[in-house]
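The values are calculated or read from the model by the stated rules, or taken from the named source; none is laboratory data. The model shown is predicted, which means the values in this text are computed figures rather than measured ones. Using ideal geometry, Cβ is built from the backbone for each residue, glycine included, and neighbour counts are taken over all protein chains shown. Ligands, DNA and RNA are stripped out before the accessible areas are found, and what is left, the full protein with its side chains, is counted by its heavy atoms. Shrake-Rupley method; radii C 1.70, N 1.55, O 1.52, S 1.80 Å.
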Amino acid sequence: MFSPQLRRLQLSFIAGVVLMLPAGCGDDGSSKTNGSRKNVLLITIDTTRADRIGCYGHKKARTPNLDRLASQGVLFSQARATAPLTLPSHASLLSGTYGVHHGVKLNNYRVPERLEMLPERLKEEGYSTGAVVGAIVLDSRFGLDQGFDFYDNVPSSREGKNLGHSQRSASQVGQAARSWLAKQESPFFLWCHFFDPHFPYAPPEELGGPGDDYDREITYVDLEIGRLLSDIDSMSQAQETLIIVVADHGEDLGDHGEMSHGFFLYDSVMRIPLLISLPGELPAGTVVDDDVSGTDLVPTVLELLGLPVGDRCQGKSLLPLLDQDVGKTSHVHLMETYYPELVYGWSRLHAFCENGWKYVEAPRPELYDLRNDPRERENLYDQETDRAQAMKSRLQDLLTKYQAEGDRAQATTIDDDFRQRLESLGYLTPSTTASIETEDRPDPKDMITGHLRAGKAETLFQRGRIKEGLEVLEEILKKDPHSPFLLMMKARKRFEMNDLDGAQATLLQVLSRQSAIPDAYYILGQIEERKGNLKKALREYRRAQVGEGELLEYTFLAAARVLHQMDELQEALDETDRSLAINPVYLAGLHLRGELLLEAENEKDALLTFVRIAELGGKPQGFTSRLRLLFSRAKKEKLVSDAELKELARRALLGLPQSRWLKEMAQSP
């Protein structure tokens with residue numbers, strides 16, 4: 001609830017909102033009139049605990065811009081995320097639905113196209129929609145770009161594996177956001193995502209002072225938020241812009257044995273800051289203590305803009321919570337994490353939060369009285385059995401209901417390079433999205449020590465200390481011998497060390513318990529190919545092509561490579577076409593296709609393929625000389641018209657701007 005002295009202001013606010021809602025909606029409940037539409041600025045901060053911000057009581061915090069925003073608007077003290085992972089949480093924030101509905105369980109899933117997102121709704125209403133994200137975990141390949149006119153990914157790199165190309169700094173995000181903002185006219189919707197408080201913590205050196213590096217990362221983001229808000233002020237848009245600041249999840253920092261996030265649903269990771277400001281329309285300085293969810297964001301924005309919420313949102317508008325005298329509907333809150341199950345083979349966790357109590361469904365269930373035990377130190381499951389059973393039953397009912405209504409998200413394709421970039425941010429990605437077919441999964445509480453040691457093994461691997469990392473991994477496997485993730489990690493490292501027999505034995509051990517792991521078949525194919533067993537390699541690559549999981553485009557390409565070695569040229573071309581149908585900008589696929597076309601004496605299509613590689617900035621070995629030869633042959637043999645040849649040269653110059661011969665070709669009469 002909120003302080004009594006604000007009641008009069010809040011009653012005036014509620015009446016004002018009702019008067020301000022547009023009356024000119026069409027028969028379909030929508031309105032295309034933009035004259036009175038408010039702009040929307042949504043700022044999401046990664047990995048930010050509420051209790052590390054000044055307006056939430058952290059005495060060492062230096063967050064003046066967030067504090068000022070709270071003083072100008074509404075602070076929700078008991079807001080919680082739906083999942084302790086970036087992509088699943090953002091899928092809920094932008095759709096107003098729970099994870100059990102949208103199905104995004106890990107950071108390598110793709111948001112279903114059928115899921116209606118907030119930017120899609122606003123775009124239909126005439127909004128310009130833009131997004132700037134701070135890390136590859138929210139790359140457009142994962143589907144959050146639905147409804148955006150402009151979606152600014154983290155710039156890629158040909159090297160691609162270093163941390164600098166996995167995320168970008170708050171200042172870089174802020175600069176890109178302000179650049180887009182300067183070109184917009186009202187109404188606009190801008191989503192700006194800051195990643196900096198995520199591990200590894202590396203704030204600018206000049207940010208000294210109290211607190212640790214985690215605090216200083218939050219301070220750094222606060223500075224950039226201030227610059228962004230200043231730009232809105234300078235555009236004279238401050239009074240016309242709805243501003244929301246929210247985190248996707250927090251960070252355990254060792255409170256419950258986890259240094260980061262993903263495994264548990266404790267408030268150190270799930271309780272998040274949520275600030276909403278709309279000057280002149282939302283009551284300044286209000287604090288709401290009711291339990292609220294990230295899913296409540298979309299219906300709240302839609303109601304504030306006077307747009308129909310519809311029946312697709314599972315969250316509820318937060319506006320009724322601002323008035324004590326208006327009958328309230330209880331806000332339920334579902335939370336989930338599939339990370340322990342899908343990455344390690346342990347138990348998934350679900351939680352249900354209502355009226356200050358939290359129930360966690362786990363092999364050893366938990367129940368907490370959050371009002372009297374906010375740090376969740378005393379599990380009351382055995383003492384409060386009636387309450388626990390009632391909340392368990394309610395949780396199951398809601399999961400059944402929302403799952404029946406939901407979409408099924410799928411893991412999207414990521415190559416080894418992108419996987420390593422994700423893992424450089426601490427996001428370990430599984431080789432399968434199916435769980436081990438057994439009900440006897442261990443409780444993450446009993447396994448977390450092994451996870452911390454797995455992180456140590458991964459760090460050793462990243463530093464090139466493969467042998468030491470494997471020794472650590474073997475120790476963990478003694479306690480958790482059937483973990484598909486740990487076994488796949490071991491197999492990959494054995495393969496990298498060229499221990500083909502050791503890698504093969506480990507992969508067969510994984511597949512003996514679960515056959516639906518495309519990555520395992522892919523590596524088996526690589527092993528057989530390296531041994532020279534081409535028919536066996538092709539068989540394993542074919543097995544890896546089943547389903548809709550990861551690696552499809554890469555296994556098609558691998559099959560093409562093997563078929564080429566077997567002198568099956570046309571079949572090899574067919575496989576490259578299948579690979580490129582999945583990912584038309586896959587450089588390795590384009591390069592192999594170009595070489596195969598040359599071998600088939602199809603020089604025209606080879607030229608077109610090599611020009612596409614140039615456009616995309618690719619430079620395979622010997623590429624430039626091959627491209628020049630193809631242009632020369634095309635001109636001499638009249639494979640294309642002169643005008644077409646000039647246009648192809650202009651396209652190739654996009655990726656090779658310093659090429660003198662291409663410039664001459666493009667400018668030739």
Rounded to 5, the percent of DSSP beta bridges in the chain classed as antiparallel: 50 percent
Label-point separation in nm, residue 59 to residue 574, each point 7 Å along Cα→Cβ: 7.3 nm
Whether segment 285-375 is rounded, prolate or oblate, judged on the alpha carbon gyration tensor where a/c under 1.5 counts as rounded: oblate
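Helix-only mean residue ellipticity at 222 nm, the chain, DSSP H runs n ≥ 4 weighted -39,500 (n - 2.57), per residue, nearest 500. What is it? Provide the component values of the computation, followed by the final result.
Details: 24 runs with 295 residues, N = 669.
Roughly -14000 deg cm²/dmol at 222 nm, from the helical runs in the chain.
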Rounded to the nearest 10 Å², the accessible area of residue 497 at probe 1.4 Å: 90 Å²
Protection-proxy order for peptides 345-352, 370-377, each taking the mean of Cβ atoms within 10 Å per residue, highest first: 345-352, 370-377
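Which order do peptides 223-232, 40-49 fall in by mean Cβ count within 10 Å, highest first? Each step should come with its number before you reach the end.
Numbers: 223-232: 18.8, 40-49: 24.9.
Ranking, from highest mean packing down: 40-49, 223-232.
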Helix 500-513 vs. the chain, principal-axis angle (Cα, 0 to 90°, nearest 10): 50 degrees
Efficiency of FRET between residue 565 and residue 443 - r from beta-carbon atoms, R0 51 angstrom, step 0.05: 0.60
Projected label distance in nm at residue 386 and residue 212, using a 7 Å step from Cα toward the beta-carbon: 4.2 nm
Separation of the residue 603 and residue 140 label points, Cα + 7 Å toward Cβ, nm: 3.6 nm
Segment 104-129 versus segment 480-551: alpha-carbon centroid distance in Å: 35 Å
Cβ-Cβ FRET estimate between residue 585 and residue 479, R0 fixed at 41 Å, reported to 0.05: 0.45
Answer label, with Rg/Rh (Cα atoms, Kirkwood Rh) calculated from the coordinates and candidates (1) 1.16; (2) 1.20; (3) 1.00: (3)
Solvent exposure, largest accessible area first (probe 1.4 Å, DNA, RNA and ligands not counted), of 270, 665: 665, 270
Karplus 3J(HN,Hα) series, Hz, for segment 91-105 with 6.51 cos²θ - 1.76 cosθ + 1.60 (x for Gly, Pro): 4, 6, 4, 8, 10, x, 10, 7, x, 5, 8, 7, x, 7, 9
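State the extension gain, in nm to one decimal, for the chain segment bounded by residue 508 and residue 641, taking 0.36 nm per residue of separation less the distance between their alpha-carbons. Don't skip to the end; give the middle numbers.
Working: separation 133, 0.36 × 133 = 47.88 nm, distance 5.51 nm.
Extra length available between residue 508 and residue 641 comes to 42.4 nm.
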Cα gyration tensor shape for segment 458-541, rounded if a/c is under 1.5, else prolate or oblate: oblate
Global form of segment 479-589, assessed from the alpha-carbon gyration tensor, a/c cut-off 1.5: prolate
Gained length - residue 153 relative to residue 539, 0.36 nm times residue gap less alpha-carbon distance: 135.3 nm
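Would you please give the FRET efficiency between residue 531 and residue 355, computed as 1/(1 + (r/R0)^6) with r the Cβ-Cβ distance and R0 = 41 Å, to the nearest 0.05? Let's see the in-between values first.
Details: r = 62 Å, r/R0 = 1.52.
According to the calculation, E is roughly 0.10.
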